[in-house]
Amino acid sequence: MASIALTASSFRPSLRSRSSSTRSQPLLHYTPSTSLNSNSLSLKRNRFTTTPLISSNSKHLTLVKASSSTAAASVTPAPVPPKPSQGAAIKPLLASIATGVILWFVPVPAGVSRNAWQLLAIFLATIVGIITQPLPLGAVAILGLGVSVLTKTLPFAAAFSGFGDPIPWLICFAFFFAKGFIKTGLGNRVAYQFVSLFGSSSLGLGYSLVFSEALLAPAIPSVSARAGGIFLPLVKSLCVACGSNVGDGTEEKLGSWLMLTCFQTSVISSAMFLTAMAANPLCATLTLNSINQTIGWLDWAKAGIVPGLVSLVLVPLILYVIYPPTLKSSPDAPKLAREKLQLMGPMTGHEKIMTATLLLTVGLWVFGGVLNIDAVTAAILGLSVLLVTGVVTWKECLGEGVAWDTLTWFAALIAMAGYLNKYGLISWFSQTVVKFVGGLGLSWQLSFGILVLLYFYSHYFFASGAAHIGAMFTAFLSVATALGTPPFFGAIVLSFLSNLMGGLTHYGIGSAPVFYGANYVPLAKWWGYGFLISIVNIIIWLGLGGVWWKFIGLW
């Protein structure tokens, strides 16, 4: 028998922590009944025996006895792994810097100011950094703002002006509402209700959410409020209820597909109704100013209903095929959900407060135009109720790191994109496109096709639908009309695309940062599937939609 003995001096801290009565007690120790050597360790029927913790006749503390047929095993302490670096990932950081430096020193095109070109270099470098993520997104955005201030491209007030924009704050507040949904259990209660009704298949669950959101779209003109304040908490609760969580490898069980599906369909429902997105009335106003024709609510809905419904049906199905959830069928889920609801019992006081607050906030979102209360003011009021009643605490709000990170990078991009427009870069780009397309001598159909594609994919440079519409809508509509496109037809198509283009990136429309911030879908996949679904939407809306618009006499 070989014994592994360690001197008592090496265990002084442990000995001091034990009382004298403990010293006399036997210690459970482990004795393997197999060979133990320096090269191999095989364990078979192992047994536990006891030995005194301290022997009065020995200067050694015997902890473990091991039987061995060869030699005593030597215990070698495992090496301490090096701490991971807390700084930036070097290669992605260099890629971001290289993008900015190269563009910075490219000769400035005629008609573009030096400041505008420098800001474009910083903006694109920041976008590359956001894609490659050498640091968290908020940190990348702060670096971009820092460079713009350091190089005098933007004054400090201009660089940080995005933090005064209501949309990033509305998105931030949406995360706090989600916290209340989850904390009170209301989110789980609603999720179990959905699962009990539609949970036998993931696809059925997805469609129930998609069409629920579309039904609310005409009444809630803020896609950020609708998607973030109402549906994001519900979707997150459903994912958790189905065992799909962030960070434990179960994201693709349900959450990845469901998050991407609900986001992509939110831009479709926003395109279907004049009152479904805050910037849609801006399109109608610019149309009236440009071609002296009015797009009414019914005109918009009649033109958008057919391609919109087809997109709402096909997009979830396409994503289900190309980015499928691993959980597809769960025939026992509705029964289990009903059992969970019974265990939860009646609604708690905090659940009732959360429900009433949600109804109040949604009511103000719906009727805010009549009451002269905007969406972010309604959200502040709702959050105030949650804070005062203790449903959500300020400490919990401060702990919502994703909310503050999203606020930071989205506000930074809004500021930079806004000043690209103010510095005249977007105007120069629009005029360049106009001259190019007008000089090709094509039919109005082909010319308009080129224009809408350029209008659509230039949204990569915008962090706001309203900013894009304000900068480019009038110019592109004027050129399309000059090239022979029926004016009303051109205006309504550009209006629809002004919503659909929001699905390209994680910053292109108000619902994007909310769903991306849930962290179920990696950024590369978000952009990749965003581009793919954009092609699907363009085919549906310009193909089938074109036929429908011909049928109703738009062209």
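The values are calculated or read from the model by the stated rules, or taken from the named source; none is laboratory data. Because the structure is predicted, anything quoted here is derived from the model rather than measured. Glycine gets a Cβ as well: all are built from the backbone with ideal geometry, and neighbour counts include every protein chain shown. Calculation scope for accessible area: heavy atoms of the full protein, side chains included, ligands and nucleic acids excluded. Shrake-Rupley method; radii C 1.70, N 1.55, O 1.52, S 1.80 Å.
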Open item on the list: Looking at the stretch 520-528, can you tell me whether even one residue there is at pLDDT below 95, part of a helix (DSSP H, G or I), within 24 Å of ALA417 (Cβ to Cβ) and in contact with a Lys or Arg (Cβ under 9 Å, 6 or more places away or on another chain)?
Closed with: no
- [ ] Only residues in the stretch 189-206 that are on the phi < 0 side of the Ramachandran plot count as the first member; pair them with residues that are part of a loop (DSSP other than H, G, I, E, B) and open to solvent by less than 30 Å² (accessible area, probe 1.4 Å), Cβ under 7 angstrom, at least 6 apart or cross-chain, and list the lot.
- [x] GLY199/SER330; SER200/SER330; SER202/LEU254; SER202/PRO325; LEU205/GLY199
TODO: Among residues belonging to the stretch 211-229 that are surrounded by fewer than 22 Cβ atoms within 10 Å (Cβ to Cβ) and part of a helix (DSSP H, G or I), point out the one that is modelled with the lowest pLDDT.
DONE: LEU216
Task: Enumeration of residues in the stretch 131-152 that are assigned to a helix (DSSP H, G or I), in contact with a helix residue (DSSP H, G or I) (Cβ under 8 Å, 6 or more places away or on another chain) and more than 15 Å from LEU93 (Cα to Cα) - done: LEU145, SER148, VAL149
- [ ] For the stretch 346-359, enumerate the residues that are over 27 Å from the mean Cα position of the chain (by Cα) and under 24 Å from LEU205 (Cβ atoms).
- [x] MET347
Task: Residue among ALA415, ALA356, ALA403, ALA411 that alone is open to solvent by less than 50 Å² (accessible area, probe 1.4 Å) and either touching a Lys or Arg at 6+ places or on another chain (Cβ under 8 Å) or within 29 Å of ASN188 (Cβ to Cβ) (or both) - done: ALA403
TODO: Collect the residues in the stretch 304-326 that are open to solvent by 40 Å² or more (accessible area, probe 1.4 Å), more than 21 Å from the chain's Cα centre (by Cα) and over 13 Å from VAL536 (Cβ atoms), keeping them in residue-number order.
DONE: ILE305, VAL306, LEU309
Open item on the list: I'm trying to understand the selection: among the residues of the stretch 327-343, which are open to solvent by less than 60 Å² (accessible area, probe 1.4 Å) and in a helix (DSSP H, G or I)?
Closed with: ALA333, PRO334, ALA337, LEU341
- [ ] Check SER113 against each of (1) out of contact with any Pro (no Cβ under 7 Å at 6 or more places or on another chain); (2) open to solvent by less than 40 Å² (accessible area, probe 1.4 Å); (3) in contact (Cβ under 8 Å) with a residue 40 or more places away in the chain; (4) not hydrophobic (A, V, I, L, M, F, W, C) and name the one condition it does not meet.
- [x] (2)
Task: Single unsatisfied condition, ILE414 versus (1) among the β-branched types (Val, Ile, Thr); (2) free of Cβ contacts under 8 Å to residues at least 60 places away in the same chain; (3) in a helix (DSSP H, G or I) - done: (2)
Task: The listed residue being crowded, with 24+ Cβ neighbours inside 10 Å and closer than 23 Å to GLY438 by Cβ, out of VAL493, VAL479 - done: VAL493
Open item on the list: Quick check on this structure: which one of SER447, SER464 is open to solvent by 10 Å² or more (accessible area, probe 1.4 Å), modelled with pLDDT under 95 and either out of contact with any Cys (no Cβ under 6 Å at 6 or more places or on another chain) or closer than 24 Å to THR261 by Cα (or both)?
Closed with: SER464
- [ ] Among the candidates LEU143, LEU135, LEU205, single out the residue that is open to solvent by less than 10 Å² (accessible area, probe 1.4 Å) and modelled with pLDDT of 85 or more.
- [x] LEU205
- [ ] Test ALA271 against the stated conditions and say whether it is at negative phi, part of a helix (DSSP H, G or I), surrounded by 19 or more Cβ atoms within 10 Å (Cβ to Cβ) and over 27 Å from the mean Cα position of the chain (by Cα).
- [x] no
Task: Residue identified as at pLDDT 85 or above and small (Gly, Ala, Ser) among GLY382, GLY439, GLY418, GLY369 - done: GLY382
Open item on the list: Please pick out the residue among PHE456, PHE515 that is open to solvent by less than 10 Å² (accessible area, probe 1.4 Å), touching a Cys at 6+ places or on another chain (Cβ under 8 Å) and at pLDDT 90 or above.
Closed with: PHE515
- [ ] Being in a helix (DSSP H, G or I), in contact (Cβ under 8 Å) with a residue 24 or more places away in the chain and buried (at least 16 other Cβ atoms within 10 Å of the Cβ) narrows it down to one of ALA125, ALA121, so name that one.
- [x] ALA125
- [ ] Taking the options VAL385, VAL362, VAL366, name whichever one is of a type in the set (Val, Ile, Thr), over 26 Å from LEU205 (Cα atoms) and open to solvent by less than 70 Å² (accessible area, probe 1.4 Å).
- [x] VAL385
TODO: List the number of the failed condition for THR294; all other conditions in (1) touching a helix residue (DSSP H, G or I) at 6+ places or on another chain (Cβ under 6 Å); (2) assigned to a helix (DSSP H, G or I); (3) polar (S, T, N, Q) hold.
DONE: (2)
